[in-house]
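Quick notes on the structure that follows.
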Amino acid sequence: DARVTQTPRHKVTEMGQEVTMRCQPILGHNTVFWYRQTMMQGLELLAYFRNRAPLDDSGMPKDRFSAEMPDATLATLKIQPSEPRDSAVYFCASGTLASGSSYEQYFGPGTRLTVT
Amino acid sequence: QKEVEQDPGPLSVPEGAIVSLNCTYSNSAFQYFMWYRQYSRKGPELLMYTYSSGNKEDGRFTAQVDKSSKYISLFIRDSQPSDSATYLCAMKREYGNKLVFGAGTILRVKS
């Protein structure tokens, strides 16, 4: 049963600390997405990669967030320094181009981040 | 105004009821329409997707797209308590990978 995995599942940290979230996409998927979900804003796209290359990170605060894909099996999202307003659930999703232009994204279980 | 509007609910129905969930959108370039289901403290999972206008049925679920009205619906027949979840609509253009999500509707099916 192929799944997207994310670590850690929960993270509590103090304001100003660095936070690193990791994602292992489904094997064979060539596109990886990072989302943030809050009650107020819903599900927001932060960044996505295809074949490990960043395609769009316009949804990400550039001054403190960074996303990378060091290899095909690992994507990372870092926040430095973290702020209380970063408290949210961060989801990673992966997908691959199916027939035609259809697209399906498979979500991981999320990392619940609390910044105090 | 958001590109995709969805009533957050909650929507509470008795078991066995027919449920109607809806989204409206403003961008006529959207061609792919999806419904995701998200259980509490889990990631969203794709339920159904439809290309362009029309209906699609899968078991107790039916997705409808009316592009002329920029309106999509998800119907759930014979609703079950296990259907209790948040349902998010999502849309994308013909080309490209970006999905735009609605806020999600919380559904509660009471036994």
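Yes/no matrix, rows are residues, columns are (1) free of Cβ contacts under 8 Å to residues at least 60 places away in the same chain; (2) at the interface with chain B (Cβ under 10 Å from one of its Cβ atoms); (3) over 30 Å from B:Asp7 (Cβ atoms):
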position: A:Arg36; (1), (2), (3): yes, no, no
position: A:Glu44; (1), (2), (3): yes, yes, no
position: A:Ser58; (1), (2), (3): yes, yes, no
position: A:Thr76; (1), (2), (3): yes, no, yes
position: A:Ala88; (1), (2), (3): yes, no, no
position: A:Cys92; (1), (2), (3): no, yes, no
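Scanning the stretch B:32-60 for residues that are away from chain A (no Cβ under 13 Å) and either of a type in the set (S, T, N, Q) or closer than 16 Å to B:Ile72 by Cβ (or both) yields B:Ser53, B:Gly54, B:Asn55, B:Glu57, B:Asp58.
The single condition among (1) surrounded by fewer than 16 Cβ atoms within 10 Å (Cβ to Cβ); (2) touching a strand residue (DSSP E or B) at 6+ places or on another chain (Cβ under 6 Å); (3) modelled with pLDDT of 95 or more that B:Gly9 does not satisfy is (3).
Of the residues B:Ala29, B:Ala85, which single one is within 14 Å of another protein chain (Cβ to nearest Cβ), more than 11 Å from the chain's Cα centre (by Cα) and surrounded by 21 or more Cβ atoms within 10 Å (Cβ to Cβ)? I'd like the intermediate steps shown before the answer.
Numbers: B:Ala29 fails: surrounded by 21 or more Cβ atoms within 10 Å (Cβ to Cβ).
After applying the criteria, what remains is B:Ala85.
Flag: A:Lys62 does not match the condition of being touching a residue at least 60 places away in the same chain (Cβ under 8 Å) and among the basic types (Lys, Arg).
With over 28 Å from A:Val32 (Cα atoms), surrounded by 13 or more Cβ atoms within 10 Å (Cβ to Cβ) and more than 13 Å from every other protein chain (Cβ to nearest Cβ) as the only criterion, which of B:Ala63, B:Ala17 stands out?
That would be B:Ala17, the only listed residue that is over 28 Å from A:Val32 (Cα atoms), surrounded by 13 or more Cβ atoms within 10 Å (Cβ to Cβ) and more than 13 Å from every other protein chain (Cβ to nearest Cβ).
Residue-by-condition table, conditions (1) β-branched (Val, Ile, Thr); (2) over 24 Å from B:Leu88 (Cβ atoms):
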position	(1), (2)
A:Thr13	yes, yes
A:Gln17	no, yes
A:Met39	no, no
A:Asp56	no, no
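Would you mention how many residues in the stretch B:88-107 are surrounded by fewer than 20 Cβ atoms within 10 Å (Cβ to Cβ) and out of contact with any Gly (no Cβ under 8 Å at 6 or more places or on another chain)? Let's see the steps before the verdict.
Initial filter on the stretch B:88-107 (surrounded by fewer than 20 Cβ atoms within 10 Å (Cβ to Cβ)): B:93-98, B:100, B:106.
Filter once more, keeping what is out of contact with any Gly (no Cβ under 8 Å at 6 or more places or on another chain): B:93-96, B:98, B:100.
Qualifying residue count for the region: 6.
The values are calculated or read from the model by the stated rules, or taken from the named source; none is laboratory data. None of these values were measured; they are calculated from a predicted model. Every residue, glycine among them, receives a Cβ derived from its backbone with ideal geometry; neighbour counts consider all protein chains shown.
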